[in-house]
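The values are calculated or read from the model by the stated rules, or taken from the named source; none is laboratory data. All values derive from a computational prediction rather than experimental measurement. Heads up, the Cβs are rebuilt from the backbone with ideal geometry, glycines too, and the neighbour counts pull from every protein chain shown. In case anyone asks, the SASA skips ligands and DNA or RNA and just uses the protein heavy atoms, side chains included. Shrake-Rupley method; radii C 1.70, N 1.55, O 1.52, S 1.80 Å.
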Amino acid sequence: MNAAATHALPRKVCPRCARPFACGEGRPGCWCESIAVSRETLAEIRALADDCLCPGCLRAFAARPGEEAGPHGADGLRPPAPRRWAKAMPDAAVRSRGLGRAPAAVAVAFLLGSLLLALGVGPVAIAPGAIAVSALSHVPLLGVHAHLSDIQQAILWQVRAPRVVLGALVGGMLAVAGSAYQGVFRNPLADPYLLGVAAGAGLGATLAIAYAGASAASGELLPLAAFAGAIAAVAGAYLLGRSAVGGAADVLVLAGVTVAAFATAVQTFVLQRHAQTLREVYSWLLGGFAAADWHRVALVAPYVGLSSLVLVLHRRTLDVLSLGDEEAGALGLHVHRVRLLIVVAATVGTSAAVAVSGLIGFVGIIVPHTIRLLTSVSYRAIVPLSLLLGAGLLVLADVIARSLLSPAELPIGVVTAFFGAPFFAIVLRTTRFQA
Amino acid sequence: MTAAIQARGVSVTLRGARLLHEAHVNVGRGEWVAVIGPNGAGKTTLLRALAGLVPFAGSILLNGRAVSAGSRREVARQLAIVPQRPQTPPQLTVAEYVLLGRTPHMGRLGGESREDRLAAERAIARLELRPFAGRLLGSLSGGELQRVALARALAQDAPILLLDEPTSALDLGRQQQALELLDALRREECLTVVTALHDLSLASQYADRLLLMDGGEVVADGTAADVICERTIGAHYDADVRVVHDADGTVTVLPRRRGRPCR
């Protein structure tokens, strides 16, 4: 380091030899970034001093016998044991438990496994290897040729694949929205339907079926009505909560409950007047992917993609919000603005998911809580993992829904609730004791 | 040289209740000002207004820059606040919690950089929390949590530090230790410190200047010897006290029993 550069650096006194020196801490090219010591020596230096040592003292540490090479380093057979830069590296304990590699790998493997299983299981079984080869044959320039028959190809790509992809999109969306709602409302029991999405979508679907003759199998009207109903309900809840006390979290939740109760009342009234539609509405409410095709996938994918992106990008913000509105604000966050953005993203995505799949319960609660119990409480891990695990979980649930009573189908809402309810009971007990 | 805090005619009205009325506050750089006053006098409201956490009328300048609704991040880089009862999510580790203090220095969508981790580590080391860095907040005592909250504020790297009743949950010895630590910190880091303090004797010993508040107004502003006397304390606190003035300018306030005990 030349004299001119040294001149500009802050003067410090070495805690070991008490001599003054120029310190370039935190700057690129600082001398302490070029002197490496072993882990043990670093711990020793840290115990000795809170601040940087002068170059002389640090070199003395680095030059001690045994520091230069590991047990096999000198003879060149193996590289020396990994060493760390002396000061510029913060203590390993000072970091957030973000998204670890192992949980991420497990989640990706789980999702891929579920996808393969769901594509393979059915009246016509297709082996995972054949699916993989068939998938690769769709990639140009690879020169891979599938050895499935045309019928198998059609079953795989026109019947099962859209259904599986739709299930993954909806499951990932519900889980990631659930985790976002839990963070934004600081309420472990929050789910994606908290602000009235379910009731609003239910009302929209009921109106469409009762007055416009829509049915689950026909056209766009039903998803559109459900989507509009869900968005309208949440917008109503938000405006109501906002006008009450400026959008405080718990008031918003109450407003959501109010709007949901009202929408449910209207829906029940309409159903009473149109009893002949009861079956149709009922089967829609319980949810399912029987009507899945690529068109529906294309319909919902942009919403799910954009919403998930916004939520994943704000995962750290959700951690800051865990300090409460006031302290998050004191840390520079525009709390109401951020909350509105996250709620809008979660709501739009959830509404789109509900519109094509009906009301599927519990995914939004059990997935984030499973992650919380098994890996991390930080939203930096919970949000992206929810996306992966929620997708995999709903794909698996759909396999059960369509194969348990095959050729009949169970409503998928029944499957998720049947397995979700006992699990949720466990979560409820554990969180009660932690609170 | 501009003052660290310059508040002119600051008023706060929340839902029809006037919590703060025309408060003028000037705090020089490196100064320690203690805000004293009876319960409900508006001490906390004043601190929250200075941090831009409540809507207010009037003007507040922090190191010459105006506090407004749009300047959250800017304010957070100028000023750190430790509330009386900080929210300490029990599942977070000490290191994670202290790192949250770096939020105003991080990109809104980004993660922590090496500088952020170094700053958090410095704050943890300074408050002697190294052995606790990996512990969960839920496993710490009240005094330790107090230090952790202070470490988070310190990691924020703001030249102005506001503390609302930093000693309220601590025993006598820990109160002294906390205030000594605060005094050392502000000298090392050249911090401007504003604290709301209940204990008048401690306030007079540590702060350079006292602000006495009552009914949402600043009613007296000056050194401990100027502000604290039997008459003002009696009037504003509705208390019967004896005030002992020491030669070094500090005062000791002793409560006195009213009337006679019955026999």
Residues from the range B:129-162 losing no less than 40 square angstrom of accessible surface in the full protein assembly compared with the chain alone, 1.4 angstrom probe, ligands and nucleic acids excluded, are B:Arg130, B:Arg152
So, relative contact order of chain B in percent, Cα under 8 Å, 6 or more apart, is 23
Which of B:Leu181, B:Leu109, B:Leu137 fluctuates most in a GNM of chain B (C-alpha springs under 10 Å)? That residue is B:Leu109
Cα Rg, Dmax (largest Cα-Cα span) when computed across the protein assembly as shown, Å
31.2, 107
Diagonalise the Cα gyration tensor of the range A:224-275 and give the resulting equivalent ellipsoid semi-axes, square root of 5 times each eigenvalue, largest first, whole Å.
25, 12, 6
Within the accessible area of the protein assembly as shown, what % is carbon and sulfur when the probe is 1.4 Å and the other protein chains stay in place?
61
Taking every DSSP beta bridge that has both residues in the protein assembly as shown, what percent is antiparallel when rounded to the nearest 5?
65
With only alpha-carbon pairs counted, each pair once and no self-pairs, how large is the Kirkwood hydrodynamic radius of the range B:102-253 in angstroms?
17.5
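Let me spell out the model: positive unit charges on the Cβ of Lys and Arg, negative unit charges on the Cβ of Asp and Glu, origin at the Cα centre of the protein assembly as shown. What dipole size does that give, in debye rounded to 20?
Working: 64 positive and 51 negative charges, 61 e Å.
About 300 debye.
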As a test question: what accessible area, to the nearest 10 Å², does A:Val13 have when a 1.4 Å probe is rolled over all protein chains in place?
90
Quick one: if the Förster radius is 56 Å, what FRET efficiency do A:Ala235 and B:Arg231 give, using the C-beta to C-beta distance and rounding to 0.05?
0.45
Surface accessible to a 1.4 Å probe, per residue, for the residues of the range A:316-356, Å²:
21
Using just the alpha carbons, could you tell me how many Å³ per residue the convex hull of the range A:170-293 encloses?
100
The range A:223-306, accessible area per residue, ligands and nucleic acids excluded (1.4 Å, Å²):
53
Before we go on, tell me the buried accessible area for the A/B pair, both chains summed, 1.4 Å probe, in Å² to the nearest 100.
3700
Mind checking Rg over Rh on the range B:156-197, alpha carbons, Kirkwood formula for Rh?
0.98
Taking θ = phi - 60°, what integer Hz values does the Karplus form 6.51 cos²θ - 1.76 cosθ + 1.60 yield along the range A:221-232, in sequence order, with x for Gly and Pro?
4, 5, x, 5, 5, 5, 4, 4, x, 5, 4, 4
Rounded to two decimals, what is Rg over Rh for chain B when you use alpha-carbon atoms and the Kirkwood radius?
0.99
Per residue value of the accessible surface for the range B:43-131 (all protein chains in place, 1.4 Å probe), Å²
38
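Considering only protein heavy atoms, with the full assembly of protein chains and a 1.4 angstrom probe, order A:Glu280, B:Glu144, B:Glu115 by accessible area, largest first.
Order by accessible area, largest first: B:Glu115, A:Glu280, B:Glu144.
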For q values of 0.16, 0.21, 0.24 Å⁻¹, compute log₁₀ I(q)/I(0) with the Debye formula on a Cα-only model of the range B:97-150, without solvent.
-0.49, -0.77, -0.94
In nm², the average projected area of the convex hull spanned by the Cα atoms of the range B:1-105 is 8.1
